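Just so it is clear, none of the values below were taken in a lab; they were calculated from the coordinates. The structure displayed is predicted, hence computed values, not measured ones. Quick reminder, even Gly has a Cβ in these numbers, built from the backbone with ideal geometry, and neighbours come from all protein chains shown.
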Amino acid sequence: MATSLRDNLTSSYFNAAHKLYPKKARRRIIAYVESYDDIAFWRTLLEEFEDDEHYFQVMLPSATSLAKGKKMVLMNTLNTAELGRSLIACVDSDYDFLLQGATNTSRKINRNRYIFQTYTYAIENYHCFAESLHEVCVQATLNDRSILDFNSYLKRYSEIVYPLFLWNVWFYRQRDTYTFPMYDFHTYTSLREINLRYPEKSLESLQQRVNQKLAELKKKFQHILNLLFRLLSQSADIVNAIDMELRFKFKRITDIEMCL
C-alpha cells in the first residue's frame, strides 16, 4: 500500500492534476529516464511530438538519489502498472528487446505501450557508429584526412564477433549470467592495439581469440551449437527484414501518437 506522495505519482494522478488547470492549458507528460545522460537524448526525440495540447517533461524518477539504471526506473521507484497517458518511461533496450519476454524485465518493456525503448543496446549506439566515426575524428583533430575505412573495418569486426554474440544472448535468454557473462564476452571481443597501416592484424588477433572461445563453447554445449547454427542461417533474412533505425523511428511515432 502506498504510504507517501511519491508512491502515488501515477499517470492517473497527473491526469487528475491536469483537470485543475485551465481547459486550454497544455497537458504535461512526464517521461522518466534512467540517468542524467539520457535526458538530452529523450528530450530531443520527444520534442518533435509536442503540440498545442501536449508537452513532455523529461526527468529522473528521484531528484534526491544518485541511483540510476533500468531497475531504478522500472522496479525500485516506478510501478509500471501506473504508467499511462501522462506518465511514461524511456529506457535503453540492453538485451531486453532481443530476449523477447524471456525475463521479467524484458516482458515489462516489450509488453507495456507506455515504456519506450531504444531498440539498440543503449542511446550511445545512435551517437557512435561506423558512419559517424570519421566526422568525430575530424571534429577532434581538425583534420579531414581519412586513414581508416571505418565502415569496412567495423563490418568485418561485426562478422567476427557475431557468433559469440549469439552465444552470449542465448545464455541470457536462459537466465544464465554466469557461464558466459557480459564481461567475458567483452574480454574476447575487445579490440587491442590497432596499427593504422595494417589494421587487419588487429582483426586477425580478434579472430583467433573468438575462435578459441567458440571451440571451448562448442565442446561443452554441442546441443546448443546446433540451434545457433540454425539462427545464423536465418540471421541474414532477419537483418534485412528489420532495419533497427527505421523500426525505432516509425514504431515510436505510432506508439507516441496512440498515447497522446
Residue farthest toward the positive end of the dipole of the range 141-221, with Cβ of Lys/Arg at +1 and Asp/Glu at -1: which of Pro199, Thr189, Ser152?
Thr189
Order 110-116, 86-92, 214-220 from most to least packed using the mean count of other Cβ atoms within 10 Å.
86-92, 110-116, 214-220
Toy charge model, Lys and Arg Cβ at +1, Asp and Glu Cβ at -1: the range 119-191 dipole around Cα centroid in debye, rounded to 20, equals 200
